[in-house]
Amino acid sequence: MAIDAKPRIKLPKTAAKGELLEVKTLITHPMESGQRKDDKGQPIPRQIINGFVATFNGRQVFKADLYPSLSANPYITFLVKMEESGKFEFAWTDDDGTVYRDVKEITVG
Amino acid sequence: AAAGTVFLPPPAHATVEAATKFMASLIGNRTPVAGRVKLTMPEIAENGNTVPVAVTVDSPMTDADHVKAIHIMADGNPAPEVASFHLSPANGRAEVTTRMRMSTTQNVWAVAEMKDGSVFIDKTEVKVTIGGCGG
Amino acid sequence: GSLSQAIAEGAITQDGLLRFDPVGTVTLLHVTDIHAQLVPIFFREPSVNLGIGEAAGVAPHVTGDAFLKKFGIRQGSAEAYAFSSVGYAGLAAEYGRVGGLDRMATLVKAIRAERPGKTLLLEGGDSLQGSYGALKTRGGDMAAALKALGVEGCTFHWEFTYGTERVKELIEELGCPFVAGNVLDTEWDEQAFKPYEMYERGGVKIAVVGQAFPYTPVANPRYMNPTLSFGIREDLVRKHVEAARAEGAGLVVLLSHNGFDVDRKLASRVAGIDVVLSGHTHDAVPAVVPVGRTLIVASGSHGKFLSRLDLDVRGGEVKDYRFQLIPVFSDAIAPDPDMAGVVEGLRAPFKSEISRVVGRTDGLLYRRGNFNGTWDDLICRALIEERDAEISLSPGFRWGATLLPGQDITMDDIYNQTAITYPAAYRMQMSGAQIKDILEDVADNLFNPDPYYQQGGDMVRVGGLGYAIDVSKPMGQRIGALTLLRTGQAIDASASYAVAGWASVNEGTEGPPVYDLVRRFIERRQVVNIPENETVKVSGF
Ligand SMILES: [Mn+2]
Ligand SMILES: [Mn+2]
């Protein structure tokens with residue numbers, strides 16, 4: 001089922017060299033657990049975001065495997081030690097194979 | 001006080017055994033010990049659909065000594081798996097947060113795998129209550 | 001202290017109540033949990049307030065004669081009347097009403113005049129809810145009154161039951177800093193309000209860190225504040241205290257609505273807090289309770305007390321202090337004319353409704369205590385009768401004024417017990433097992449040995465139902481001997497019972513408002529006389 005998933009990232013535009021930057025990520029997604037039943041008593045098939053990867057200038061800085069116990073609208077935060085300016089790329093993988101992406105540039109000075 | 005709550009039949013719960021089995025699938029026969037990893041969660045969940053989880057691991061996060069992974073599991077949900085986070089020295093400090101579902105009062109486990117193969121664990125009980133009283 | 005000395009010397013006078021041997025250059029004034037009581041009332045302190053684990057038998061978990069003994073208070077004295085339930089109705093007739101914001105204003109003004117530039121008046125939450133006027137103005141009347149009193153900092157609990165948007169308006173209307181370091185937004189986990197405020201009094205930089213009621217979305221309807229997340233958040237308290245120290249605070253005050261036992265545990269675990277001004281559990285403790293280097297102040301409720309804490313702060317350290325929990329004896333204190341005018345103006349629009357007499361009580365009507373009070377029993381009976389139920393459940397709120405034998409019951413009095421924004425009196429079928437689960441769940445919120453799991457209310461009140469409780473047992477094993485009083489039969493776990501109740505935290509709960517139903521019940525009888533509850537058997541303390 002197509003899901004209107006919207007990735008959102010909270011990140012400053014600039015950081016100091018050596019700064020520990022908090023990266024806040026959120027994607028709107030129901031995370032259908034596969035445990036629920038519909039009005040007719042039929043099981044609702046599982047459909048979750050099962051993976052998340054963050055890269056910076058092409059190198060992986062963080063990765064997550066996610067399961068149905070994770071809340072709807074998966075929210076994940078982590079830290080990155082900033083050494084240079086560049087580009088964050090974020091990718092969330094849906095059970096149906098769709099990959100949702102977002103990009104954030106940051107200047108380190 | 002409580003009262004007027006909608007009562008749902010309790011879902012099938014995972015068990016300590018299931019959580020232990022899931023942990024073994026990740027760390028093999030290594031034995032996790034207490035220390036270095038700290039799991040912070042609310043004492044009482046205010047919304048079982050979205051309970052904040054914060055994990056920090058005491059680590060210099062250098063090439064030689066860093067956290068490779070933090071695994072979250074729970075022993076009272078329909079399945080024990082919650083999330084695995086893969087870290088590297090690029091993180092600077094091992095600190096992650098997320099939000100999880102809890103169908104009932106249970107223990108949440110945070111397991112940290114270090115570069116040298118050692119494994120640390122922290123557990124915390126989160127209460128899911130009917131609620132509704134006050135001073 | 002000076003108060004008992006003053007009382008020993010004769011009649012209670014305004015000067016006697018204000019007598020204080022000052023120390024240092026900072027005077028903290030604390031009021032909390034006024035629950036919208038603008039005018040003098042009666043308020044009986046609890047006769048049952050059980051402490052569990054480390055809290056057993058220590059303040060505030062000591063009541064009655066043991067309390068008088070512990071604090072060296074003579075039976076029958078004005079202090080016995082103010083701080084305990086011993087001989088309550090008789091002493092009330094002798095010493096009169098307590099509270100009233102016009103009397104409170106007199107005390108505050110006098111202390112400010114005595115200590116210019118040195119005082120800081122802080123309000124700890126739950127003052128904007130609990131009366132007809134507060135319900136109708138959604139806290140607006142109390143915001144205006146507290147602004148007139150000159151409150152200089154505050155935090156909230158029940159105020160959140162007016163909804164998040166209204167909370168923001170009320171903060172504006174109060175016109176003073178609002179602090180709540182433990183409240184985050186549910187989207188990005190960021191501070192929803194200012195965590196602390198810096199003041200300077202008597203040459204000391206004072207940081208006031210706020211702690212709103214941690215279990216607001218559990219104890220009250222979560223849907224009223226869907227974008228806010230609460231919790232004790234010990235790590236955040238620590239962070240804010242450290243930040244305040246780094247900013248140069250020489251004195252760090254936690255303005256807390258945690259409840260006393262939670263504050264006692266927090267103070268033992270978070271370094272750097274000099275004073276906790278504790279609210280929520282409505283405890284009136286006549287002395288400061290020291291925990292390590294932290295002083296805990298518990299200032300009672302309903303405008304019945306004003307706490308004065310003088311501090312000698314030098315080099316970022318409290319060198320000396322002096323404390324008085326001042327009972328606001330309404331008959332002994334001249335009303336402040338300005339505040340009297342404000343209060344009169346705020347009550348004027350509701351005069352005809354709130355002064356309407358609906359009946360009379362022949363017995364003492366009170367609520368506060370761990371288990372059913374007579375006011376609760378009255379409400380429980382009304383629920384059963386008006387909703388044609390076998391069993392009723394009524395929340396263990398700690399607020400609600402007392403009525404003496406022979407007093408009229410007015411609409412004002414009924415709303416003082418029931419004025420909430422989710423008043424629907426529901427009726428539903430529950431199995432015996434579900435009823436037991438509810439009692440077990442609420443009992444654990446009150447008697448869990450770890451204070452961080454306590455929500456600071458009293459036990460859910462029951463009508464038509466008897467039970468036994470062993471407070472020392474773990475969750476699931478405290479409640480037994482459940483009996484349907486109508487038949488005298490044991491409650492059957494699998495049988496279904498008609499249960500009426502109110503204050504459900506679930507959205508969409510339906511039923512007539514509880515205050516209408518209580519009014520009808522009293523109107524039909526004209527005279528009520530509710531005996532002490534004997535159907536709850538308590539053990540394990
Ligand atoms: Mn209160
Ligand atoms: Mn409260």
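Estimate the FRET efficiency between C:A433 and C:R245 by the formula 1/(1 + (r/R0)^6), using the beta-carbon distance for r and 60 Å for R0, to the nearest 0.05. Computed FRET efficiency for C:A433 and C:R245: 0.70. Taking every DSSP bridge with both residues inside chain C, close to 60 percent are antiparallel.
Each residue was assigned an accessible area with a 1.4 Å probe, and for A:K104 the value is about 70 Å².
Given the C-alpha atoms of the protein assembly as shown, compute the convex hull and give its volume per residue in Å³.
Numbers: hull volume 130.8 nm³, N = 785.
Here the figure is 167 Å³ per residue.
Any residues in region B:87-104 that have 50 Å² or more less accessible area with all protein chains than in their chain alone, probe 1.4 Å, and which are they? At a threshold of 50 Å² (probe 1.4 Å), the residues of region B:87-104 that become less exposed are B:A90, B:N91, B:T97, B:R99, B:R101. Here the spin labels are modelled as points 7 Å beyond Cα on the Cα-Cβ line, and at C:D470 and B:L26 they lie 3.9 nm apart.
For region B:23-57, a reduction of at least 20 Å² in accessible area between the chain on its own and the assembled protein chains (probe 1.4 Å) is found at B:K38, B:E43, B:I44, B:E46, B:N47, B:P52. Between the beta carbons of C:A495 and A:R46, assuming R0 = 41 Å, the FRET efficiency works out to 0.60 to the nearest 0.05. Which net charge results for the neighbourhood of B:L87, defined as the other residues with beta-carbon distances under 12 angstrom from its beta-carbon, given Lys and Arg at +1 and Asp and Glu at -1? Its environment carries a net charge of +3. The magnitude of the dipole of region C:494-541, with charges of +1 and -1 set on the Cβ of Lys/Arg and Asp/Glu and taken from the Cα centre, is near 200 debye. Take the alpha-carbon centre of region C:478-529, take the same for region A:32-109, and report the distance between them in whole Å. Cα centroid to Cα centroid, the span is 48 Å. For region C:319-467, the solvent-accessible area of protein heavy atoms averages 28 Å² per residue (probe radius 1.4 Å; ligands and nucleic acids excluded).
The residues of region B:50-109 have, on average, 29 Å² of accessible surface per residue, using a 1.4 Å probe with all protein chains present.
Loop-located GluC sites (Glu not before Pro) across region C:178-253 with a Cβ neighbour count of 11 or fewer within 10 Å are C:E190, C:E247, with loop assigned by DSSP.
Leaving ligands, DNA and RNA out of it, rank A:M31, C:M198, C:M475 by accessible area with a 1.4 Å probe, largest first. Please report the intermediate quantities before stating the final value.
Numbers: A:M31 0, C:M198 45, C:M475 85 Å².
Ranked list, largest accessible area first: C:M475, C:M198, A:M31.
To the nearest 10, the accessible area of C:D15 is 120 Å² with a 1.4 Å probe.
What's the local net charge at C:G76, with K and R +1, D and E -1, over the other residues with C-beta under 13 Å away? Please report the intermediate quantities before stating the final value.
Values: positive: C:R74; negative: C:D65, C:E79, C:E94.
Residues near C:G76 contribute -2 overall.
Summed for both chains, how many Å² of accessible area, to the nearest 100, are buried between B and C with a 1.4 Å probe?
Numbers: alone 7840 and 19300 Å², together 24320 Å².
Between B and C, the summed buried area is about 2800 Å².
Here the spin labels are modelled as points 7 Å beyond Cα on the Cα-Cβ line, and at C:T421 and B:T124 they lie 2.9 nm apart.
Backbone amide hydrogens, once placed in the peptide plane, bring C:R314 within less than 5 Å of C:K319, excluding anything fewer than 5 places away on its chain.
Legend: residues in region C:217-240 shielded by at least 30 square angstrom of accessible surface upon adding the remaining protein chains to the isolated chain (1.4 Å probe, heavy atoms) are C:V218, C:A219, C:R222, C:D235. Looking at region C:349-387, the trypsin sites (Lys or Arg not before Pro) that sit in a DSSP loop and have at most 16 other Cβ atoms within 10 Å of their own Cβ are C:R356.
So how far, in whole Å, is the C-alpha centre of region B:86-135 from the one of region C:212-291? Going from one Cα centre to the other spans 23 Å.
Under 11 Å from the Cβ of C:G133, count the other residues' Cβ atoms, weight Lys and Arg +1, Asp and Glu -1, and hand me the total. Write down the numbers at each step before the final one.
Details: positive: C:K136, C:R138, C:R347, C:K351; negative: C:D141, C:E353, C:D412.
Taking every other residue near C:G133 into account, the sum is +1.
Output the relative contact order of chain C, whole-number percent, from Cα pairs under 8 angstrom with separation of 6+ residues.
Details: 1308 pairs, mean separation 94.3, N = 541.
About 17 percent, as a whole number.
Expressed as a whole percent, the accessible surface of the protein assembly as shown that belongs to carbon and sulfur atoms is 50, based on a 1.4 Å probe.
Measure out, as a whole number of angstrom, how far apart the alpha-carbon centroids of region C:423-444 and region C:79-105 sit. Their Cα centres are 35 Å away from one another. Loop-located trypsin sites (Lys or Arg not before Pro) in region C:61-134 (DSSP state other than H, G, I, E, B) with a sparse environment of at most 15 neighbouring Cβ atoms within 10 Å: C:R74. Take each residue of peptide A:28-36, count the partner chain Cβ atoms within 10 Å of its Cβ, and average: the result is 2.
The listed peptides B:92-102, A:44-54, ordered by packing as a protection proxy, come out as B:92-102, A:44-54 (highest mean of other Cβ atoms within 10 Å first).
With the Cα gyration tensor of region C:303-402 giving a ≥ b ≥ c as the square roots of its eigenvalues, does the rule (a/c under 1.5 for rounded; else a/b larger than b/c for prolate; else oblate) give rounded, prolate or oblate?
Working: a/c = 3.10, a/b = 1.63, b/c = 1.91.
Taking the square roots of the gyration eigenvalues as a ≥ b ≥ c, region C:303-402 is oblate.
Each Lys and Arg contributes +1 and each Asp and Glu -1, all at the Cβ; summed about the Cα centre of chain C, the dipole is approximately 620 debye.
The values are calculated or read from the model by the stated rules, or taken from the named source; none is laboratory data. Nothing here was measured: the structure is a model prediction, and the numbers come from that model. Please note: Cβ atoms are built from the backbone with ideal geometry, for glycine as well, and neighbour counts cover all protein chains shown. SASA here: full protein model, heavy atoms, side chains in, ligands and nucleic acids out. Shrake-Rupley method; radii C 1.70, N 1.55, O 1.52, S 1.80 Å.
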